[in-house]
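Have a look at the structure below before the remarks.
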Amino acid sequence: TAYNFVFSYEIYEWRVGENKVVSSRLTATSSPPTQDSSVPPGFHHEIYLDVLLILLLVWFLNREFEISYRLSFHGNMVAARDKAKVQMMKDQAELLLHNIIPKHVAEHLKTTAKYSENVRNAGIIFASIINFSEMYDESYLGGRECLRVLNELVSDFDELLSKPEFASVEKIKTIGSTYMAASGLNPSLSETDSCEHLHALVEFALRLQAVVDLFNKDLLEFNLILRIGYSFGDITAGVIGTTKLYYDIWGDAVNIASRMDSTGVAGRIQVPSHCIPALEDRYIFEKRGQVYVKGKDNMIVYLLVGKK
């Protein structure tokens, strides 16, 4: 719809006394609206409708993008949480596996299902709490309290293995109240001195004695007594089983170390004579004499006095 406007401009001139005054006037008139023949009927309504449809389309696409982004974000969060959970479970499984078998053996088992190896000059100790049976009282909480005490002591022993100076020492197992450990089992730990891991094992045995002495200060009216047998020699290490893995070592040196413990002296570390040349440069020993060892007849043994 269009309106027609007509404008007129008039100028007036008159005199007031001697002054000439000029005035002007602008007038405008309009005629009734006429229909613009160039614009079809309903054109403006179509424009409004098109704009509305475009706005609705933009709103719909924006909502779809937002929903897609939220779903993607939620999916990424769930995936990250599941990944972290799987990694935590994997770390726990590896931790449990490393508590059962040494780390270098676990790495070997990732590529093959079997493991066995001959090890030269491995060190072995057996450390026994010889009076634990005297403390054990099944009538008191079914013996659980005594087992709790033993568990705390063994946990203190295990904690020593995390120290860098005992990197070459591995816990093999506990047999009742006897703690078994060995050194030199990992061939990847290259040492300039082949006897270095044997010295580390002696140091570990001395630290076990110190742990027991400290532990006894917290016990009431009872002192645990530790006895240790030490030896070294050629052994065989291996893993038995497929679903329930069991790592152990075998050999004459293992048997001798066990006999050094069972025939030893309370509170002391007993060593067979063939170990003395490799250890006497750092440690002082006193000769105990001959001791009957099952399967070996009489053996000359020594007791560790201390470090030089």
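Read the figures in this text as sums done on the coordinates, not as results from a lab. Only a predicted model underlies this, so the values are computations on that prediction, with no experimental measurement involved. Because the Cβ atoms are built from the backbone with ideal geometry, glycine has one as well, and the counts that use them run over all protein chains shown.
In nanometres, what is the gap between the two model label sites at S273 and W59, each 7 Å from Cα along Cα-to-Cβ?
10.2 nm
Give me the number: length gained by fully extending E107 to K307, i.e. 0.36 nm times residue separation minus the C-alpha to C-alpha distance, one decimal in nm.
Working: separation 200, 0.36 × 200 = 72.00 nm, distance 3.61 nm.
Once the chain is fully extended between E107 and K307, it gains 68.4 nm.
Under a 5 Å amide H to amide H cut-off, with H placed in plane at 1.01 Å, what residues pair with M299 once short-range neighbours are removed?
Long-range HN contacts for M299: V291, Y292, V293.
So what's the convex hull volume per residue for the Cα atoms of the range 102-307, in Å³? Write out the running numbers ahead of the final one.
On the way: hull volume 28.9 nm³, N = 206.
Expressed per residue, the convex hull around the Cα atoms of the range 102-307 is 140 Å³.
Starting at the first residue of the range 150-159, write each ³J(HN,Hα) from the Karplus equation 6.51 cos²θ - 1.76 cosθ + 1.60 with θ = phi - 60°, in whole Hz, x for Gly and Pro.
For the range 150-159, the Karplus-derived couplings read 4, 5, 5, 5, 5, 5, 5, 4, 4, 5 Hz, x marking Gly and Pro.
So what is the diffusion coefficient of the range 218-273 in µm² per second by Stokes-Einstein at 4 °C and 1.567 mPa s, using a Kirkwood Rh over Cα pairs?
Approximately 96 µm²/s, per Stokes-Einstein.
On a 19 Å Cα-Cα criterion, which of the cross-link pairs K287/K307; K114/K244; K217/K307; K85/K114 come out too long?
On the way: K287/K307 16 Å; K114/K244 13 Å; K217/K307 24 Å; K85/K114 30 Å.
Violating the 19 Å Cα-Cα cut-off are K217/K307; K85/K114.
State the percent of C-alpha pairs, over all pairs in the range 186-308, separated by a distance greater than 21 angstrom.
Details: 3635 of 7503 pairs.
Of the Cα pairs, 48 percent sit more than 21 Å apart.
If we restrict to alpha carbons, what Rg and Dmax does the range 165-249 come to, in Å?
Rg, Dmax (Cα atoms, Å): 15.5, 47.
Using the Cβ atoms and a cut-off under 11 Å, what net charge is assigned to the surroundings of G264, where Lys and Arg are +1 and Asp and Glu are -1?
Numbers: positive: R227, R259, R268, R288; negative: D261.
Value of the local net charge: +3.
With Cβ to Cβ distances under 12 Å as the rule, what net charge do the other residues near L57 carry (K, R +1; D, E -1)? Don't skip to the answer; put the middle values down first.
On the way: positive: R63; negative: D50, E64.
After counting each charged neighbour, the total is -1.
For the range 184-296, build the charge dipole from Cβ charges (+1 Lys, Arg; -1 Asp, Glu) around the Cα centre, then report which of G251, G233, A210 sits farthest towards its positive end.
Checked the options; the winner is G251.
HN-Hα J couplings of the range 175-182 from phi, Karplus 6.51/-1.76/1.60, θ = phi - 60°, integer Hz, Gly and Pro as x?
10, x, 9, 10, 10, 10, 9, 8
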